[in-house]
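The values are calculated or read from the model by the stated rules, or taken from the named source; none is laboratory data. In this text, all values refer to a predicted model and were calculated from it rather than measured experimentally. A quick note on method: Cβ atoms are made from the backbone with ideal geometry, for glycine too, and the neighbour counts reach across all protein chains shown. What goes into the accessible areas is simple: the full protein's heavy atoms, side chains included, and nothing from ligands, DNA or RNA. Shrake-Rupley method; radii C 1.70, N 1.55, O 1.52, S 1.80 Å.
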Amino acid sequence: MTQNPPTAHQQPVGEKPRKRPRTLKWFIIIGGLLVLLVVAIVGFNAFRAHMIKQFFATMKQPPINVSIAEAKSEVVPNLIGAVGDLAAVHQVNVSSDTNGRVTEIMFQAGATVKKGQPLVQLFDGPEQGDLANFKAAASVARINLDRAKQLAERQVGPQATVDTTQAVYDQALASVSKTEAVISQKQVRAAFDGVLGTRRIEVGQYLTAGTQIVSLTDLSAVYANFTVTEKDSGKLAVGQVVRIKVDAYPGRSFEGKLTTIEPQISADTRNIRVQATIQNPEGILKPGMFATTTVVLPDKPAVVTVPETAVDYTLYGDSVYLIEEKKLEDGKTELHAIRTFVRTGDRIDGRAVITQGVKAGDRVVAVGQLKLQSGALVQISSDPPPKIPAKPPLN
């Protein structure tokens with residue numbers, strides 16, 4: 001009888017049982033350690049996040065330095081702005097009334113002349129000869145007239161002779177007057193006080209009637225011509241103050257009066273043309289200059305204004321940062337900047353009109369808004385707020 005060999009699960013008789021391998025035990029131990037390590041890492045991260053959150057929750061941001069200004073209630077100028085140009089009150093191109101050859105030029109280009117001052121002499125030899133002839137004839141006619149009157153008074157001569165000699169004498173005087181007028185045309189004179197321009201003729205040049213000799217401009221006053229819209233035309237009145245500025249004299253303003261308002265409005269532009277007269281005693285304003293004009297209207301009621309730098313203009317609306325004080329538990333106060341939306345009006349001389357959202361006496365941030373968020377802690381900077389531009393002198 002044969003015996004079957006022992007299987008893997010059977011143990012030969014007389015052998016000691018073998019111990020199970022420790023591999024599973026080590027896996028369990030290492031797995032437990034890894035779990036503990038993961039739990040420790042997760043816990044540490046959670047603890048760190050909690051502490052960071054608590055730190056930032058209890059930490060206060062340092063206050064931001066800003067410059068502040070106070071909203072004021074003031075009467076702002078009521079103005080209408082426009083652009084225009086300057087024109088001379090009196091300006092002509094001096095020319096000759098008759099033909100003739102220039103024999104003498106009696107002025108210097110750019111000189112100041114008086115009314116009636118001779119400027120140019122044309123050749124008048126024939127006319128001077130005619131004048132002498134007519135004066136001699138007038139003298140003879142006068143002698144004949146006196147003799148005829150004496151004879152008539154003595155009843156020696158007829159009255160018809162007196163009438164005839166009177167007519168001859170009158171004709172001689174008329175010829176003298178006509179010739180003197182022709183001679184006066186040969187001498188060109190200044191039509192008014194003014195300043196001459198550049199000379200455009202030479203001695204010996206033959207001039208025809210109407211040839212331009214020189215320009216003559218009166219600079220004692222100038223016109224400022226400009227236009228305003230139909231909407232503003234009802235606010236205008238003759239006599240209102242008008243201030244103008246020109247590029248040639250930056251920072252300087254010249255004052256005059258509104259003297260003319262066009263009686264009709266342009267159908268093309270719906271604008272009305274107006275004219276102001278500006279006194280120019282220094283003669284520095286020149287015709288043709290481009291001018292920025294401002295019409296001063298009667299004052300409006302007082303409004304609230306802040307520095308223009310305090311207003312933040314955006315597509316979503318205009319806003320300012322108001323300064324609010326908050327008392328702490330220890331009795332101290334903190335300043336916070338609160339963003340407040342406002343409605344703005346005109347901007348004049350570096351200040352903006354606030355029609356809604358700010359009242360007189362409120363403090364607003366004038367400089368430093370870019371670093372702020374609504375509710376931010378702020379402190380007043382030692383630097384003064386920006387100055388409002390000074391008004392330029394009127395003269």
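Return yes when Thr227 is assigned to a strand (DSSP E or B), at pLDDT 90 or above, in contact with a Lys or Arg (Cβ under 6 Å, 6 or more places away or on another chain) and open to solvent by 50 Å² or more (accessible area, probe 1.4 Å) and no when it is not.
On the way: assigned to a strand (DSSP E or B): yes; at pLDDT 90 or above: yes; in contact with a Lys or Arg (Cβ under 6 Å, 6 or more places away or on another chain): yes; open to solvent by 50 Å² or more (accessible area, probe 1.4 Å): yes.
It is true that Thr227 is assigned to a strand (DSSP E or B), at pLDDT 90 or above, in contact with a Lys or Arg (Cβ under 6 Å, 6 or more places away or on another chain) and open to solvent by 50 Å² or more (accessible area, probe 1.4 Å).
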Thr314 - would you say it is more than 22 Å from Leu236 (Cβ to Cβ) and either touching a Gly at 6+ places or on another chain (Cβ under 8 Å) or at pLDDT 90 or above (or both)? no
Looking at Val156 and the list (1) among the aliphatic types (A, V, I, L, M); (2) open to solvent by less than 80 Å² (accessible area, probe 1.4 Å); (3) at pLDDT below 90, which single condition is not satisfied? (2)
For the subset of the stretch 197-220 comprising residues that are in a strand (DSSP E or B) and among the small types (Gly, Ala, Ser), which member is least open to solvent (accessible area, probe 1.4 Å)? Ser215
In the stretch 175-196, the residues that are assigned to a loop (DSSP other than H, G, I, E, B) and surrounded by fewer than 17 Cβ atoms within 10 Å (Cβ to Cβ): Ala191, Phe192, Asp193
Of the conditions (1) modelled with pLDDT of 80 or more; (2) in a loop (DSSP other than H, G, I, E, B), Pro21 satisfies every one except a single condition; which number is it? (1)
Does at least one position in the stretch 263-278 carry a residue that is modelled with pLDDT under 90 and of a type in the set (Asp, Glu)? yes
Among the residues that make up the stretch 253-267, is at least one of them in contact (Cβ under 8 Å) with a residue 40 or more places away in the chain, in contact with a Phe, Trp or Tyr (Cβ under 7 Å, 6 or more places away or on another chain) and more than 30 Å from Gln117 (Cβ to Cβ)? no
Give the residues of the stretch 334-351 that are within 15 Å of Lys300 (Cα to Cα) and either in contact with a Phe, Trp or Tyr (Cβ under 8 Å, 6 or more places away or on another chain) or among the aliphatic types (A, V, I, L, M) (or both), sorted by residue number. Ile348
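Before we move on, is Leu119 open to solvent by 30 Å² or more (accessible area, probe 1.4 Å) and not basic (Lys, Arg)?
Values: open to solvent by 30 Å² or more (accessible area, probe 1.4 Å): no; not basic (Lys, Arg): yes.
In short, no.
Scanning for something under 29 Å from Arg101 (Cβ atoms), touching a helix residue (DSSP H, G or I) at 6+ places or on another chain (Cβ under 7 Å) and open to solvent by 60 Å² or more (accessible area, probe 1.4 Å), does the stretch 134-143 turn up at least one residue?
Applying the first criterion (under 29 Å from Arg101 (Cβ atoms)) to the stretch 134-143 yields 134-138.
If we keep only those that are touching a helix residue (DSSP H, G or I) at 6+ places or on another chain (Cβ under 7 Å) too, we end up with 134-135, 137-138.
Next, from what is left, pick out any that are open to solvent by 60 Å² or more (accessible area, probe 1.4 Å): 134-135.
Yes; the residues of the stretch 134-143 include at least one that is under 29 Å from Arg101 (Cβ atoms), touching a helix residue (DSSP H, G or I) at 6+ places or on another chain (Cβ under 7 Å) and open to solvent by 60 Å² or more (accessible area, probe 1.4 Å).
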Can you tell which of Ala190, Ala224, Ala209 is in contact with an Asp or Glu (Cβ under 7 Å, 6 or more places away or on another chain), small (Gly, Ala, Ser) and touching a residue at least 40 places away in the same chain (Cβ under 8 Å)? Ala209
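Please verify whether Val89 is farther than 30 Å from Leu196 by Cβ and out of contact with any Gly (no Cβ under 7 Å at 6 or more places or on another chain), treating the condition exactly as stated.
On the way: farther than 30 Å from Leu196 by Cβ: no; out of contact with any Gly (no Cβ under 7 Å at 6 or more places or on another chain): yes.
So Val89 does not fit the description; no.
In this structure, does Gly256 turn out to be of a type outside the set (A, V, I, L, M, F, W, C) and either surrounded by 16 or more Cβ atoms within 10 Å (Cβ to Cβ) or assigned to a strand (DSSP E or B) (or both)?
Values: of a type outside the set (A, V, I, L, M, F, W, C): yes; either surrounded by 16 or more Cβ atoms within 10 Å (Cβ to Cβ) or assigned to a strand (DSSP E or B) (or both): yes.
Yes.
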Within the stretch 198-231, the count of residues that are of a type outside the set (S, T, N, Q), more than 24 Å from the chain's Cα centre (by Cα) and more than 16 Å from Met106 (Cβ to Cβ) comes to 4
Just for strands (runs of 3 or more DSSP E) wholly inside the stretch 269-383: which have at least 2 residues that are open to solvent by 30 Å² or more (accessible area, probe 1.4 Å)? 271-279, 290-297, 312-314, 317-327, 333-348, 351-356, 363-367, 376-380
Just to verify a result, which residue in the stretch 159-174, among those that are crowded, with 17+ Cβ neighbours inside 10 Å and not hydrophobic (A, V, I, L, M, F, W, C), is farthest from the chain's Cα centre (by Cα)? Thr165
